[in-house]
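Chemist: Here it is: the structure, laid out below.
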Amino acid sequence: MRYLLVFFFPFFVFSQKDSLEISIENGRLLYDDFCVRCHLPNGKGEIGIIPPLAESDFLYKHMEESIKALKFGGIDGEIIVNGVKYNSRMEKMGLYDDEIADVMNYILNSWGNKSDKIITEEYVKKLKK
Ligand code: HEC
């Protein structure tokens, strides 16, 4: 039994630690496919038309709403991001729940963004319109 623990414990610790890194890596690929044409490679968007993701106050203050916008397609009405109004609409991209989690983990840890919160597939799955 002791040998079994010695053998499996390091594996468990590493797989825990790597899951966020793997998610961010997957998210980077998804971002380049689905998001980059609007939010741009630097995550800054287009002032007044496409909101920034880099250092976006909205993203942190309205995390759940942001994830729902990815899941169900955009946000009704206008939003204010870093003091600027946005009233265009993000389209629905048809991402799976695990892909939404990955791309969220990527944007929450890019361009100077930092988050202690890890978004999981289970969390995205539970969100209702
Ligand atoms: C067609 C252009 C377009 C694409 C593609 C797009 N977005 Fe958006 N995004 C928008 C617009 C416009 C808004 C403003 C919200 C609204 O009114 O729907 C927005 C809002 C957001 C927000 C919340 C506001 C903020 O700035 O924090 C997040 C987060 C976000 N997008 C992430 C993404 C991610 C991740 C992808 C790729 C999976 C993506 N977007 C793809 C146009 C786009």
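A short reminder: the numbers here are calculations on the coordinates, not readings from a lab. Not measured: the values here are computed from a predicted model. As a convention, Cβ positions derive from the backbone with ideal geometry for all residues, glycine included, and neighbour counts pool all protein chains shown.
Chemist: Over the chain, how many percent of alpha carbon pairs lie in each 5 Å bin up to the one with the longest distance?
Modeler: Here the calculated profile for the chain is 2, 10, 19, 23, 18, 10, 5, 4, 3, 3, 1, 1, 0.
Chemist: For an R0 of 35 angstrom, estimate the FRET efficiency from the Cβ-Cβ distance between Ile49 and Phe72 and round to the nearest 0.05.
Modeler: So the FRET efficiency works out to roughly 0.95.
Chemist: Net charge near Glu55, counting Lys/Arg +1 and Asp/Glu -1 over other residues with Cβ under 12 Å of its Cβ?
Modeler: Around Glu55, the charge tally is +1.
Chemist: For Cα pairs less than 8 Å apart in space and 6+ apart in sequence, what is the mean separation divided by the residue count of the range 18-126, i.e. the relative contact order in percent?
Modeler: On the way: 150 pairs, mean separation 33.7, N = 109.
So the answer I get is 31 percent.
Chemist: What FRET efficiency comes out for the pair Lys114/Ser88, r = Cβ-Cβ distance, R0 = 41 Å, nearest 0.05?
Modeler: Computed FRET efficiency for Lys114 and Ser88 comes out at 0.90.
Chemist: Taking the chain as the reference, fit the longest principal axis to its C-alpha atoms, fit the long axis of helix 2-30 to the helix C-alpha atoms, and give the angle between the two in degrees, 0 to 90, nearest 10.
Modeler: For 2-30 against the chain, the angle is about 20 degrees.
Chemist: When the helix-only estimate is applied to the chain (DSSP H runs of n ≥ 4, each -39,500 (n - 2.57), divided by the residue count), what is the mean residue ellipticity at 222 nm, nearest 500 deg cm²/dmol?
Modeler: -15000 deg cm²/dmol
Chemist: Set the Förster distance to 22 Å, then compute FRET efficiency between Lys126 and His62 from the Cβ-Cβ distance, nearest 0.05.
Modeler: The computed FRET efficiency comes out at 0.80.
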